[in-house]
Amino acid sequence: MLNAMGATLWGAIAITLALAVAVLGHRVSLSYRSEFPTASTRVSSLPGEQPSVAPTGTDAANAAPSQLPRAAVARHGQATDRQGASANPGVTTLQTEPDSTPAALPEEPALIGHYLPPAGPNPQKDCKDSAVWVDKAIAAARKAGEAPKENLYQFKLQCASDAGDTAAMDGTLVDLIKLTNKTTYWNTLLRIERQDEREDHNTLMIYRIMYNTNSMNADTDYIEMAQLLGDAALPGEAAMVLDKAMSSGAIKDEHKERTNRLLTALRGRADTDKKGLPQQEAEANKNAAGELLVKLGEVYYGFGDYQKTADSINAALQKGQIKHMDEAYVYLGLADVQLKNNADAKKAFAKLKDVPNISPRVLKLWELYAATLGMSAG
């Protein structure tokens with residue numbers, strides 16, 4: 001009975017603190033509502049960049065390329081896409097789902113008034129002062145055996161965004177993804193992580209996560225991913241990526257002609273690869289090292305033959321002598337996901353931590369992806 005009473009008490013505390021934070025959030029929002037007119041278009045620039053509002057929905061479909069998040073950062077720091085089109089510096093858009101927008105708040109209950117720090121003229125200071133109450137509400141909910149409310153994390157995310165604190169944004173987005181697995185949070189996190197990445201190998205790893213979480217929504221992202229895959233001698237997978245972009249209507253009119261030319265070239269290369277598969281398989285099986293079998297598995301993945309992908313890479317791992325172990329485990333894990341075998345997929349992704357010199361950023365993101373396998377995508 002005492003345990004039950006304790007759980008009930010903590011639940012009451014969690015609700016009280018959550019309501020306190022919501023009231024404070026309402027106070028803070030009044031002081032900068034003119035800067036963020038709606039809950040669905042909250043925008044933050046990363047440190048050193050000018051704030052900019054990125055269009056969403058219908059507006060995004062009609063927006064000029066200069067209004068869109070950048071497709072790539074050239075290795076010398078100039079923002080361009082790989083087809084030569086200019087792209088603006090990265091813009092991180094924080095979107096609040098319509099169904100998670102809090103309803104209008106009632107008058108502040110006297111019961112919780114003393115929990116709140118006084119509302120002042122400085123919203124960023126209010127955010128900083130209230131963070132302790134958000135964390136207490138989250139901790140109380142967890143102690144009561146309940147999942148913390150999404151809007152608590154959203155409050156932290158918006159405050160971090162307003163302050164230009166990308167590290168805090170990153171951590172809060174990870175919490176939100178673990179809680180909801182929503183594609184909007186994935187998209188924002190992956191755009192933040194991509195900002196400082198300069199190696200094509202790691203950029204492609206980030207794009208693979210964006211693609212496989214269905215959080216890729218800019219046509220320039222599809223185009224760059226396809227070009228990186230083409231550069232990695234994987235035209236079949238590159239064509240698959242562009243086919244999805246074209247069929248879903250993601251490619252903007254002004255990019256369709258160039259994209260069609262790229263897709264035609266990739267399909268030609270993919271057809272050549274498909275015809276050469278029997279010979280490639282024979283050579284890979286004869287070779288004492290596993291490298292050729294990994295490449296074979298990656299080619300099979302691009303053609304949608306996921307069982308042969310898994311078989312080839314598992315055989316490669318038995319042989320050893322693999323140049324990029326991170327790619328081997330990632331493709332093995334992705335093949336297992338497609339085969340509806342999440343348990344084996346998680347085992348494959350867990351092996352990434354043993355890969356020497358793997359990018360800490362890439363490792364963190366794939367571990368997060370593995371942790372959300374089996375969750376419904378928001």
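The values are calculated or read from the model by the stated rules, or taken from the named source; none is laboratory data. Everything quoted here is computed from the prediction, not taken from an experiment. When we count neighbours, we look across all protein chains shown, and the Cβ atoms used for this are built from the backbone with ideal geometry, even at glycine.
Miscellaneous remarks
- With respect to (1) at pLDDT below 95; (2) under 18 Å from the mean Cα position of the chain (by Cα), the lone exception for Glu146 is condition (2).
- Qualifying residue in the stretch 357-364 (condition: of a type in the set (D, E, K, R) and under 18 Å from Met210 (Cβ atoms)): yes
- Matching residues in the stretch 124-158 - criterion: being assigned to a helix (DSSP H, G or I) and aliphatic (A, V, I, L, M): Ala131, Val132, Val134, Ala137, Ile138, Ala139, Ala140, Ala141, Leu152, Leu157
- Failed item, numbered, when Lys323 is tested on (1) in contact with a Leu (Cβ under 7 Å, 6 or more places away or on another chain); (2) over 20 Å from Gln227 (Cα atoms): (1)
- Residue check for Arg258: basic (Lys, Arg), more than 20 Å from Ala335 (Cα to Cα) and touching a residue at least 40 places away in the same chain (Cβ under 8 Å): yes
Condition check ((1) surrounded by 15 or more Cβ atoms within 10 Å (Cβ to Cβ); (2) over 21 Å from Gln307 (Cα atoms)) across all residues:
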position	(1), (2)
Lys319	yes, no
Glu327	yes, no
Asn341	yes, no
Ala345	yes, no
Pro360	no, yes
Leu363	yes, yes
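- Elements of type helices (runs of 4 or more DSSP H) in the stretch 323-378, at least 3 residues being more than 18 Å from Lys178 (Cα to Cα): 325-338, 342-350
- Given (1) surrounded by fewer than 21 Cβ atoms within 10 Å (Cβ to Cβ); (2) assigned to a helix (DSSP H, G or I), number of the condition Thr309 does not satisfy: (1)
- If you go through the stretch 197-206 and pick out every residue that is in contact with a Leu (Cβ under 7 Å, 6 or more places away or on another chain) and either over 13 Å from Tyr331 (Cα atoms) or not assigned by TED's automatic domain parsing to the domain that holds Gln338 (or both), you end up with 3.
- In the stretch 245-259, the residues that are surrounded by 15 or more Cβ atoms within 10 Å (Cβ to Cβ) and part of a helix (DSSP H, G or I): Ala245, Met246, His255, Arg258, Thr259
- Given (1) more than 20 Å from Ile206 (Cβ to Cβ); (2) touching a residue at least 60 places away in the same chain (Cβ under 8 Å), number of the condition Asp305 does not satisfy: (2)
- On inspection, Lys364 qualifies as closer than 20 Å to Thr203 by Cβ, of a type in the set (Lys, Arg) and modelled with pLDDT of 95 or more.
- Pairs linking a residue in the stretch 133-157 that is closer than 15 Å to Lys178 by Cα to a residue that is in a helix (DSSP H, G or I) and acidic (Asp, Glu), with Cβ atoms under 6 Å and 6 or more positions apart or on different chains, are Tyr153/Asp175.
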